[in-house]
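Worksheet: one structure, shown below.
The values are calculated or read from the model by the stated rules, or taken from the named source; none is laboratory data. Nothing here was measured: the structure is a model prediction, and the numbers come from that model. Note that we place each Cβ from the backbone using ideal geometry, even for glycine, and neighbour counts take in every protein chain shown.
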Amino acid sequence: MLKRVFSLIISALIVTLSFTSCGCSAKRDADVHVFYYTYSDPYISGVRSALDKKLEDAGISYQDYDSNNSQTTQTEQVQTAITNGAKLIVVNIVTTGSDDAASGIVALAREKGVPVIFFNREVSDTVVKSYEKCLFIGTDAAEAGYLQGDMIGDYLTKNFDAVDLNGDGEISYVMFMGEKGNNEAIYRTKYSVENADKKLTEAGKKPLKFYDSANRDKYLLDRDGKWSAQAANEYMTTLLTSYNVTSGNMVELVICNNDGMAEGAITALSAAGYNTGKEKDVNIPVFGVDATDAAKSLIKSGRMTGTVRQDSAGMAEAITLAVSSALGGGGLKDKLGEYVIDKGVDKVRIHYSAYFGEE
């Protein structure tokens, strides 16, 4: 008898371990299945926390999955969830460079009549229009770039002489790009510089100058596409050995596609004696995107200058409204009347805002 009980316990443990290894929550019979491109992204972590709470408060059963930045893993997770009876899927797509992955997921959902909500990482209009039960909830990819550029331009025009450490009349900058082929990364990289240059030109100042004239891209890319603190830290650590105050060619501005990369850059700067939060030490302006808790803390301590707030709670609220409507027999957009929705395609937009430390 004891041997049989022991055997059953072991079997149960094996099932539990195999289930949790996929990065799921503990609700296998949930109505809603939420697939995150990776739990490790600071902004996505914030969305997940907010969405979990809102779904729980609404009495909606859900299951979370960590795709760990693997599209193959995510697609397999979606297929399994739909096969096992998911009533609705919410997808933070891994691969954004082409329609293949998103179209494949829509095809799986359409076959069973399961509604699909894509969020944060944008899918094309073609994908959304291909299925009447498909919706995208996210930001306007270009808006963060425009806003970050305006913030940088305004800051530099007010503090130009203090930022221009070598007094050459130009601000030398480095740009950390999160992912090649991702529209958010592309637009943040492009428009943050363009809008800052516009502000500087209007103020009679020279435009920004990328610190390395041999780099035609004018950005340093996270080659793993993880928008990671580690990538920015490694780049910043390396460039500081040649570009520093002592050499008279210090990088005078750091622009990052997200706050995770800003954190990594600041860690490297601090290790070299900059951005320590101490009044006597040189402070290099660092700008990010997301307004994560870590970034807010760095801004409060004076080690980071500003960030663009991406509203994780607002994203979670819109997703919950769409989910509750669909599960109640309505359409995905029925409860989203107060949101901006693109003309001609079911894409809901959550606005960004500037953050310099105020709540």
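The table for this structure:
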| read-out | value |
| --- | --- |
| Matching residues, the range 123-160, being outside any strand (DSSP E or B), farther than 17 Å from Ala185 by Cα, outside the structural domain of Tyr191 (by TED's automatic domain parsing) and touching a strand residue (DSSP E or B) at 6+ places or on another chain (Cβ under 9 Å) | Asp125, Val127, Val128, Tyr131, Lys133 |
| Set Ser325, Ser297, Ser301: member being in the same structural domain as Ala265 (by TED's automatic domain parsing) and without any contact (Cβ under 8 Å) to a residue 24 or more places away in the chain | Ser297 |
| Condition broken by Gln148, with the remaining ones in (1) crowded, with 18+ Cβ neighbours inside 10 Å; (2) over 30 Å from Phe35 (Cβ atoms) satisfied | (2) |
| Number of the condition not met by Cys256 [criteria: (1) in contact (Cβ under 8 Å) with a residue 12 or more places away in the chain; (2) over 15 Å from the mean Cα position of the chain (by Cα)] | (2) |
| Condition check for Met175: at negative phi, in contact with a helix residue (DSSP H, G or I) (Cβ under 9 Å, 6 or more places away or on another chain), crowded, with 21+ Cβ neighbours inside 10 Å and in a strand (DSSP E or B) | yes |
| Members of the range 311-332 found to be in contact with an Asp or Glu (Cβ under 8 Å, 6 or more places away or on another chain) and assigned to a loop (DSSP other than H, G, I, E, B), listed by number | Leu332 |
| Residue list for the range 333-356, restricted to those being in contact with a strand residue (DSSP E or B) (Cβ under 9 Å, 6 or more places away or on another chain) and outside any strand (DSSP E or B) | Lys333, Leu336, Tyr339, Asp342, Val345, Asp346, Ile350, His351, Phe356 |
